[in-house]
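Okay, structure first, notes after.
Values in this text are rule-based calculations from the coordinates and carry no lab data. From a predicted model like this one, the values you see are computed outputs, not experimental measurements. Methodologically, a virtual Cβ is constructed for each residue, glycine included, from the backbone with ideal geometry; neighbour enumeration extends over all protein chains shown.
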Amino acid sequence: MKRLLAALLALTLFLPTAAVAAGSLTVASGAGYKRMVNALAAAYEARGGATVDRVYGNMAQTLTQAKAGGVVDMVIGARYFLDKSGIAFASMRSLGRGRLVVACAKGVTFASADDLLGPEVTRIGIPDTKRAIYGRAALEYLQHTGLYDKIKNKLFMVATIPQVSSYVITGEVDMGFVNSTHVLAVEDKIGGWGLAEEDKYEPIDIVIGVTPDAPHPDMLQPFLDFLATDAARAIIRANGL
């Protein structure tokens with residue numbers, strides 16, 4: 001019995017050390033970038049990098065996680081929200097420009113803003129206009145095109161871009177505002193999509209910010225170095241940035 005207890009004690013003492021050695025980065029990201037972040041994490045891990053744990057949500061949820069302190073290493077999202085978060089990010093690096101697109105249910109097409117007025121378009125999905133950057137961009141787009149008052153009764157607001165696309169896929173909305181990264185992940189399930197005119201909303205700079213109290217500081221630079229490689233840049237471009 002004494003030998004058994006000694007063995008169990010030794011095992012108990014060993015496990016925490018092993019867990020620390022096998023620690024992983026935690027990256028919190030806007031839900032609309034899930035496909036891209038998953039691809040970057042997989043490529044990084046395949047090259048022998050640390051495991052990258054991922055957390056997704058709208059930016060309000062993402063930044064709340066980051067504010068908790070000592071939990072999230074990096075945040076990926078629109079610079080607009082990171083700048084306004086009140087978090088003193090240790091560093092911030094641009095990944096690319098986000099683009100607003102309109103995803104269409106099957107049987108519906110989008111080529112220009114006027115297509116939102118079509119009689120076949122009775123319901124339009126839009127992400128939260130205060131907590132999601134593409135919801136904010138969609139609102140700007142509708143206001144600058146002069147369409148907001150004409151279609152505001154068609155708008156159906158949800159929290160995140162994936163929720164918008166799910167309604168487009170099921171046909172519960174005829175069109176939905178999402179981003180170019182996410183639409184590439186679902187384009188085989190929808191009727192089509194088109195870019196919203198980029199001069200009708202403020203440019204969207206998508207960045208990665210290092211939190212001031214990142215729990216794994218020794219793992220940060222290798223991942224940031226990876227993001228500058230040709231392989232990572234190819235993944236980012238392939239995902240619409």
query = Which whole-angstrom value gives the distance between the alpha carbon centres of the stretch 167-208 and the stretch 93-154?
reply = 8
inquiry  = Please state the shape class of the stretch 179-241: rounded when a/c is under 1.5, otherwise prolate if a/b exceeds b/c and oblate if not, all from the C-alpha gyration tensor.
reply    = prolate
message = Could you tell me which residue out of 107, 166, 186 lies farthest along the dipole of the stretch 100-200 toward its positive end? Charges go on the beta carbon: Lys and Arg +1, Asp and Glu -1, centred on the Cα centre.
response = 166
remark   = Per the C-alpha gyration tensor (a ≥ b ≥ c, the square roots of its eigenvalues), the stretch 100-200 is rounded if a/c is under 1.5, else prolate if a/b beats b/c, else oblate; here it's rounded
inquiry  = Please state the shape class of the stretch 124-171: rounded when a/c is under 1.5, otherwise prolate if a/b exceeds b/c and oblate if not, all from the C-alpha gyration tensor.
reply    = oblate
remark   = Of 222-231, 107-116, ordering from highest average Cβ density within 10 Å down gives 107-116, 222-231
ask   = Charges only on Cβ, +1 for Lys and Arg, -1 for Asp and Glu: so what's the dipole of the stretch 130-171 about the Cα centre, in debye to the nearest 20?
value = 100
request  = State to the nearest 20 debye the size of the charge dipole of the stretch 110-195 about its Cα centre, where the only charges are +1 on K and R beta carbons and -1 on D and E beta carbons.
outcome  = 340
query = Which entries in 130/154; 34/189; 152/200; 130/152; 84/150; 67/130 show an alpha-carbon gap greater than 21 Å?
reply = 84/150
message = Along its three principal axes, how long is the chain when you only count alpha carbons? Whole Å, largest extent first please.
response = 79, 38, 32
